[in-house]
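Participant: Handing you a structure now.
What follows is calculated from the coordinates using simple rules that are stated; it is not laboratory data. Bear in mind the structure is a predicted one, so any value in this text is a computation, not a measurement. Note that we place each Cβ from the backbone using ideal geometry, even for glycine, and neighbour counts take in every protein chain shown.
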């Protein structure tokens, strides 16, 4: 048995975004049970042997209450950016005074360096994992998948040295599930590993960029070099031959609702939402 629950489906600022009164953010403020209300990235993975989280969202306090998360000790972290890791600050008191034990953080060497500098005061056990390393976690075979994310750093690296940002391949009972966070390019070895998956959960930050409204925020973000943009996202997703494609890290930048975005996607592709469940 594998259960996946997308607890947080939003991009770096969530929806509603701070101080925004666009249609999508306004709808999310009015109706917190709508699919337009999105917290930052967080995915719960559960098997008969236990559960773990992918990412430590800055919204983890709210997410843990809404989803009744109890005593999770293991976390996979894709990279060191705020929306993927800074929920550690929310976990500090729980770890030190209630859990009375260290949490286990699986991450790249680059992410460990950031953790050591900025979160040295939080009790934790950091397990650095090399690129393409396979290990067992709660009965699942987990393989780290290096991706090109930080263009200012990663473009200088050869493929065999790439170790800044990870995606994750999860395998159990002949099922293949992929999670990829932020990336602008995928190296060949990673691409070959993620093809033909049962489910692939992909970054949708700049999905349908060609339909962004003509506003300062949207126009400025179109030059972000650290993500795939617009039609390239759909082209990449289509090339993977997955049975099911799900987009996470969905933003308000298109100013389109969940339903409006879903109607724009091909048949086997979906927009995620907070609380979305996948079960095998």
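Participant: Region 205-220 to region 1-50: how many Å between their Cα centroids?
Facilitator: 20 Å
Participant: Also, quick follow-up: How would you rank 269, 99, going from fewest to most other Cβ atoms within 10 Å of each one's own Cβ? Intermediate values should be presented prior to the final figure.
Facilitator: Working: 269 21, 99 15.
Starting with the residue having the fewest Cβ neighbours, the order is 99, 269.
Participant: Would you order 251, 111 from fewest to most other beta-carbon atoms within 10 Å of each residue's own beta-carbon? Before the final figure, lay out the partial values.
Facilitator: Details: 251 22, 111 25.
So the residues, fewest neighbours to most, are 251, 111.
Participant: Per 10 Å bin, what percent of the C-alpha pairs of the chain does each bin hold, from zero upward?
Facilitator: Here the calculated profile for the chain is 6, 30, 38, 22, 3, 0.
Participant: Could you give the length gained by full extension between residue 223 and residue 161, i.e. 0.36 nm per residue of separation minus their alpha carbon distance, to one decimal place? Working shown, then result.
Facilitator: Values: separation 62, 0.36 × 62 = 22.32 nm, distance 2.59 nm.
Additional length available on full extension: 19.7 nm.
Participant: Expressed in whole Å with the largest first, what are the equivalent ellipsoid semi-axes of region 131-280 derived from the C-alpha gyration tensor as the square root of 5 times each eigenvalue? Intermediate results must be reported in sequence, preceding the final value.
Facilitator: Values: eigenvalues 133, 86, 28 Å².
Rounded to whole Å, the semi-axes are 26, 21, 12.
Participant: Say R0 is 22 Å: what FRET efficiency, to the nearest 0.05, do residue 153 and residue 109 get from their beta-carbon distance? Show your work: numbers first, answer last.
Facilitator: On the way: r = 13 Å, r/R0 = 0.58.
Given R0 = 22 Å and the Cβ-Cβ separation, E is 0.95.
Participant: Here is a follow-up. Strictly greater than 24 Å: what percent of every Cα pair in region 20-132 meets that? Before the final figure, lay out each step's value.
Facilitator: Values: 1904 of 6328 pairs.
Across region 20-132, Cα pairs with separations above 24 Å total 30 percent.
Participant: Right, here's the next one. Going by C-beta contacts inside 10 Å, put 61, 40 in order with the fewest on the left. Let's see the in-between values first.
Facilitator: Values: 61 14, 40 26.
Starting with the residue having the fewest Cβ neighbours, the order is 61, 40.
Participant: A further question follows. Be a star and scan region 132-172 for residues whose amide nitrogen sits under 17 Å from the point 7 Å along the Cα-to-Cβ vector of residue 48.
Facilitator: Counting only backbone N, you get 137-141, 171-172.
Participant: Given the peptides 1-7, 64-70, 42-48, 134-140, arrange them by the average over their residues of other C-beta atoms within 10 Å, most packed first.
Facilitator: Values: 1-7: 18.9, 64-70: 12.6, 42-48: 20.4, 134-140: 14.9.
With the highest mean Cβ count within 10 Å placed first, the list reads 42-48, 1-7, 134-140, 64-70.
Participant: Another one. So for region 214-264, considering every pair of alpha-carbon atoms, how many percent are separated by more than 12 Å? Each step should come with its number before you reach the end.
Facilitator: Numbers: 943 of 1275 pairs.
Percent of Cα pairs beyond 12 Å in region 214-264: 74.
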